[in-house]
Structure formats: structure tokens, C-alpha cells
1. Taking the Cβ of Trp38 as the centre, find all other residues whose Cβ is under 9 Å away and add up their charges (Lys, Arg: +1; Asp, Glu: -1).
2. Could you give the angle, 0 to 90 degrees to the nearest 10, between helix 8-17's Cα long axis and the longest principal axis of the Cα atoms of the chain?
3. Check which residues have an amide H placed less than 5 Å from Val109's amide H, if you skip close sequence neighbours.
4. Check which residues have an amide H placed less than 5 Å from Gly169's amide H, if you skip close sequence neighbours.
5. My understanding is that a pair violates if its Cα-Cα distance is over 20 Å; which of Lys215/Lys454; Lys188/Lys215; Lys139/Lys215 do that in this structure?
6. Of Val155, Ala223, Leu199, which is farthest towards the positive pole of the range 136-224's charge dipole, taken about the Cα centre with +1 and -1 on the beta-carbons of Lys, Arg and Asp, Glu respectively?
7. At a Förster radius of 22 Å, what calculated FRET efficiency corresponds to the Cβ-Cβ distance of Leu354 and Glu249, to the nearest 0.05?
8. Between Lys395 and Asp126, what length comes free when the chain is fully extended (0.36 nm per residue of separation minus the Cα-Cα distance, one decimal in nm)?
Amino acid sequence: MTLNPVTPDLEAVLRTQLPDAAFGDVTQAYLEEPRGRWTGQAGLLLRPGSTDEVATTVCAAHAARVAVIPYGGGTGLVGGQIAQECPAPILLSLERMRAVRGLWPDENVMVVEAGAILSDIHDRADEANRLFPLSIAAKGSAQIGGNLATNAGGVNVLRYGNARDLCLGIEAVLPDGSVFNGLKRLRKDNSGYDLRNLLIGSEGTLGIITAAALKLYPRPDSAGTALMTVQNPAAALSLLAMARDHVGEGVSAFELMHRTGLDFLNETMPDLRLPFEDCPDWFVLIDLGLARGLDPATALEAIFAEAVEAGLVHDGLIAQSEAQRQGFWAVRENIPEANRRIGSISSHDISVPLSEVSDFIAQGNSAIARLGPFRVNCFGHLGDGNLHYNVFPPKGETRDAYVTQRDQIKRTVHDLVHDIGGSVSAEHGVGRLKVEDLERYGDPVKLSAMRAIKAALDPHGIMNPGAVLRG
């Protein structure tokens, strides 16, 4: 399929159909991604203010055979928002579409436009004494449309599920400019194919999500957080099972971290207060959210006592105030930024079966050690098997000296993940970074079906070409 670049004629047509506010300047901020791996291009930046304006844009692009690159908050880490190789595309940003269209606390539903910032959604839910539980480190700039397009995960997947699980319905513009009006607030709807779940996770390759009906939850009456040191990842998994035996679904988050993460925080953020004087090799952050009448501190103390007796835990800290609780979380939430400042040679967002976590980490570390004197920072959402397994140069060196080994490192990690039945893309999506990985490790029948769906919905290949599937 041959695509065309944006032309002055196409821009002139769009200027007769869209308001001046829909046209923006293509600054460098729109053409970079957080890790600095790629720089994109755009022939025209459009910032529609309504679904009709999105539809007008896509319809014109469809007729002109011009690529459309959806742009949310720009926080994606796999290059899904960056177009390098196609003819100069339309970069379509949803940043002006931030309205809350409706809020029904008794239904536990909020309908928002796709450009709404995740932290703003949290605030609106909080005002209604409700919780929207999707939470990621980039919540202050990430947009809900992008979160849904990539099926984002985050720290609360253990209890509440991925973005897909938190969405009841969507509105979207399809590649021919038609509008899918699927903003139903229903928990049950078995009326044919599920286009909502087809578009969620499609990374803008099948259409552009313009609004979503989101699930809300009652706010836990009380919350508690603890850091507990564990012997190893296997002990951490046993501790998770023990915690769930105590409080069931009251475990909101369970994060595994390694001392390398603390070392990186010490190196890059010396002013950040760390909770341990002597850094443990492995430790977990446990976050509880409990109903009225239940005390999270008491529950955490009981879990700690039983875990010590069982030999799973040898030290721990239970937050005594909200400030201390936020301080514990600051450790976890700043590790990705510390990683960025150190500069990884190769980063891996992977998931493995829970029973394989411990063996994967041990085998992975051994395999990486055979390749060179690298540092590995392994951390992640242990309860759902999602690990961020990132490889860094030796202390005092930069990743530039090891760029030639990046592909070998990635292949080593991903081969191991695949061999034990895991996924090489857990929560960040495929984007452009992992297209080759999807071809290498993906099920052939699934890939064939995906290509057929893409061809049926987007026969001209204008929607985010080069992302997820090779163009």
C-alpha cells in the first residue's frame, strides 16, 4: 500500500472544515519519545476539539491516502507515537478533548473524552467519593485514550485488572472516518462482536478512541502500606499468597524490587529519602485498601508476624502516616526515572507465569552475566507476573559503549521468556519497538487473523502504519 505525504492542498481542504484552534505547531516535543530512541516526523499537527473534528480529519486522510499517527500524552515507551519511515503524516493529538461527559456515582461509571489526563480522572472520581484504579508513573501526563489504546497496566492490576478491564464502552473513529458509538454504560451486553475490546490494545492501528465509559469503584475506607525484606523472589510469591489469605482482594498492589533499584536512586537522586539504612537484596511493597471496620495496620502486622515465623521475611516497615506511606511509594515510582538517568542498554517489559518468576530471574541473571559485567535492575508488579527486567552498563560506564550488544541481550531475555510461556510485551504494547519480536514469538494463526482484521478495517493502511504490524 502506497501512502502519500501531507500536501498544501490537503491542508487547505482541512482548513475549510476545521476551526483554527485545531491546527498546531509541530514542535520537537511531539516528535520525541521518553527514552530518546527515535525522532519522528509530521507534515501537519491537528488537535481536534470534538469527535466530529476527529472524524473529519480521518475521512480526509482516508481519501488522500495520508497516514494518521494518534498522539496521546506521548508517554509510550515502545515508539507507538513516533512515525519515522512513512511519508510525512498527520499527527493527531487528542489534547483538547479532555471533557468529563458524565459521572454516575451510583452506577460507578464516568464517561470521559480520550484526552483526559489520568490524574485528572482520579481527582474527578475522588470528588464523587469513588476510585478509578488505573495508576501508572506517568499519570500526570498520560491520557486515557492512550492508556486504552495500549491496554496499560500499572500498579493496581493485581486487584482491578488492566485498562481493558476498567472500560465498559468506547467511542471511536474508524479508518474511513465513520464513528463507532459504543459508549454504553452496561455491565452485560452480548450483542455480537466486541469492537470495544478489539480497539482497546490496538495502539491506534484500527481506529482512534475518542471517549470511554470507565468503571469506578468504592474508595477503600482505609489504606496501609508496608515494605518487607524477603529472602528471594520465591519467598515474595509465598508472602503474596499469605497476604491474600489474610485480606483477600484487599491487597491492592504488591511490588517486587531489588537493591539495584536503590543503588540507582542513590546515584541519581541523592536527596530522595530511602527507607533502609542497609539495602536488602530483595524487598516488596505491599499496599492494602480495606473496607470500613478493618484496620490495615493490624492486618499488615499479622502478615508480617506470620511471614517472619515462616522464614519468608526478616525485616519490615509499616507506614505510620500518610506522609510515610507516600514516601514508600516514592521509592517504587522513582525507580523508572532513576533507570532513565543511568541509561539502560536494553529494557524488557515482560510477563511470565507466576510459578516461573523465580527461575526466570535466576536464569536471566546467569545468562546476562555470561554476556558481560552488566547490572540488572529487575522490579515489577509481582502479583500479575509483570517484570521490568532492564540491563545496564557497569557502574561508571555509559550504555553507548555497549550498543552493539543490545540485540543480543534482548534476544537472550526474550528467548527465555518465550520458552517458559511468557510474553515479551506485558503492559507497554508493541509499538514499533517490538514489531520484529511479535513476528518472532507470536502465534502464526493469531498474526494472520490480526493482518486480516487490519486489512478489513484499514484497507489503505493509514492508521499508525508500522506500529504493531509491519507496514
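1. +1
2. In the chain, helix 8-17 runs at an angle near 90 degrees to the longest axis.
3. Here the answer is Trp104, Leu216, since their amide H atoms fall under 5 Å of that of Val109.
4. Amide H to amide H, under 5 Å and 5 or more residues apart or across chains, Gly169 pairs with Ala213.
5. Where the Cα-Cα span goes over 20 Å, the pairs concerned are Lys215/Lys454.
6. Ala223
7. 0.85
8. 92.5 nm
Throughout, read-outs are computed from the coordinates displayed, never taken from laboratory work. Computed from a prediction, not measured in an experiment: that's the story for all the values here. Here the Cβ is made from the backbone with ideal geometry for all residues, glycine too, and neighbour counts use every protein chain on show.
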